[in-house]
């Protein structure tokens with residue numbers, strides 16, 4: 001059994017048009033803190049990124065942001081978090097976030113969030129890591145994506161079992177608890193039914 005020290009959250013640099021997105025981001029940060037789990041994220045001070053970081057910090061969590069130089073120079077780096085690491089580029093950012101995290105959560109976001117989610121999900125499927133990957137489906141934000149994934153499976157481009165790697169929930173607290181349970185075990189324990 002492993003102890004969980006941090007979860008990585010991928011989310012938008014925008015807040016979106018619904019207040020429920022911001023509320024879910026704040027609840028995610030608060031839930032991490034209440035469980036003694038740190039937050040690893042993209043280091044931004046704006047959008048849902050800033051919201052989740054501010055909520056986690058306010059509730060007492062350790063917050064580590066990883067930001068590429070170009071975005072740091074554009075002055076969107078969060079100066080009020082525990083640690084802000086500036087890295088050369090997006091590739092370094094994603095690799096560093098993955099190395100620090102014991103699991104991943106995607107909140108609503110845009111193409112950057114989608115790309116980060118699909119990368120860690122692919123890495124899990126291929127066996128490059130055994131960390132849980134979660135999708136927070138706030139107000140049905142990801143419904144069409146989930147429908148498309150079902151279509152992809154039906155058309156033979158997604159293998160059976162690969163969809164189950166992605167843990168989907170519409171409640172941030174419940175999703176975090178599910179991921180923390182999975183993160184405390186190895187993939188071998190999960191696959192062999194030992195949990």
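The values are calculated or read from the model by the stated rules, or taken from the named source; none is laboratory data. Being a predicted model, the structure only gives us computed values, none of them experimental. Backbone-built Cβ (ideal geometry, glycine too); neighbour counts: all protein chains shown.
Here residue 13 fulfils each of the conditions (1) under 14 Å from the mean Cα position of the chain (by Cα); (2) outside any loop (DSSP other than H, G, I, E, B) apart from (2).
Name every residue in segment 6-21 that is surrounded by fewer than 19 Cβ atoms within 10 Å (Cβ to Cβ) and touching a helix residue (DSSP H, G or I) at 6+ places or on another chain (Cβ under 9 Å), in order of residue number. Matches in segment 6-21: 13, 14, 15, 18, 20. Counting residues in segment 19-32 that are assigned to a strand (DSSP E or B), within 17 Å of residue 104 (Cβ to Cβ) and touching a residue at least 60 places away in the same chain (Cβ under 8 Å) gives zero.
With respect to (1) more than 13 Å from the chain's Cα centre (by Cα); (2) crowded, with 17+ Cβ neighbours inside 10 Å; (3) over 24 Å from residue 171 (Cβ atoms), the lone exception for residue 74 is condition (2).
When the residues of segment 124-159 are filtered to those that are assigned to a loop (DSSP other than H, G, I, E, B), touching a helix residue (DSSP H, G or I) at 6+ places or on another chain (Cβ under 7 Å) and farther than 16 Å from residue 107 by Cα, the one that is modelled with the lowest pLDDT is 158. Total residues in segment 129-145 satisfying the condition of being under 22 Å from residue 176 (Cα atoms) and either in contact with a strand residue (DSSP E or B) (Cβ under 7 Å, 6 or more places away or on another chain) or exposed (fewer than 13 other Cβ atoms within 10 Å of the Cβ) (or both): the figure is 10. In the set 24, 33, only one residue is at pLDDT 95 or above, on the phi < 0 side of the Ramachandran plot and surrounded by 22 or more Cβ atoms within 10 Å (Cβ to Cβ); that residue is 24. Taking the criterion of being in contact with a helix residue (DSSP H, G or I) (Cβ under 9 Å, 6 or more places away or on another chain), under 18 Å from residue 158 (Cβ atoms) and surrounded by fewer than 18 Cβ atoms within 10 Å (Cβ to Cβ), the residues of segment 83-123 that qualify are 114, 115, 119, 123.
Do we have any residue at all in segment 91-103 that's more than 23 Å from residue 132 (Cα to Cα) and not in a helix (DSSP H, G or I)? So that I can check it myself, show each step before the final result.
Applying the first criterion (more than 23 Å from residue 132 (Cα to Cα)) to segment 91-103 yields none.
So far as segment 91-103 goes, no, none of its residues is more than 23 Å from residue 132 (Cα to Cα) and not in a helix (DSSP H, G or I).
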